[in-house]
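Below: one structure, written as structure tokens.
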Amino acid sequence: DFQRQVKVNVGDEDVEFYALKTILSIHSEYFRTACSVTWKSGREDCVTLHDHEPEAFAVFLAWAYTDNPQSYAALSPIPERMAYKKRQEATLEQARLAVKCVVLGDMILAEEF
């Protein structure tokens, strides 16, 4: 039943996220398969992504629920008045997160992410 929630454990520390199977399945071929009753993860409503960062999955969820790739960026903007060095570090951190998102999107077969 794709109207139910699924728990997604992400990262080495199994950070828990909850999402509707329908939302995940619309945006990801991986989740479409993992949430089906033919897979154990689908029957138990629990999917595990140990090899990925929780923050990258949070970006995916924000995007999946809003259909807006900028939705997560709006949650953590870089302030205009931040000192140059700090602003540079924050920009680098955003770039690292973007790379992690690309890797996650590739793994979960989310073509539009």
* Structure fact -> For V15, other-chain or 5+-apart residues with amide H closer than 5 Å (H placed, Pro excluded) are V10
* Approximate shape of the chain as ellipsoid semi-axes (Cα gyration tensor, √5λ), whole Å, largest first -> 29, 14, 11
* To do: Express in whole angstrom the spacing between the alpha-carbon centres of the range 7-31 and the range 83-113.
  => 19 Å
* On a 0 to 90° scale, report how tilted helix 54-66 is relative to the longest principal axis of the chain, with both axes built from alpha carbons and the result rounded to the nearest 10. => 80 degrees
* Karplus-derived 3J(HN,Hα), 6.51/-1.76/1.60, for each residue of the range 42-48, Hz, glycine and proline x -> x, 6, 8, 6, 8, 10, 10
* Would you check the accessible area of F60, probe 1.4 Å, heavy atoms only, in square angstrom rounded to 10? => 0 Å²
* To do: On a 0 to 90° scale, report how tilted helix 84-107 is relative to the longest principal axis of the chain, with both axes built from alpha carbons and the result rounded to the nearest 10.
  => 20 degrees
* To do: Could you check what % of the DSSP bridge pairs in the chain are antiparallel, to the nearest 5?
  => 60 percent
* For the chain, what % of the accessible area comes from carbon and sulfur atoms, probe 1.4 Å? -> 54 percent
* Send over a whole-number figure in Å² for the accessible area per residue of the chain, probe 1.4 Å. => 64 Å²
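The values are calculated or read from the model by the stated rules, or taken from the named source; none is laboratory data. Everything numeric in this text was worked out from a predicted model, so none of it was measured. Only protein heavy atoms, including side chains, enter the accessible area calculation; ligands, DNA and RNA are left aside. Shrake-Rupley method; radii C 1.70, N 1.55, O 1.52, S 1.80 Å.
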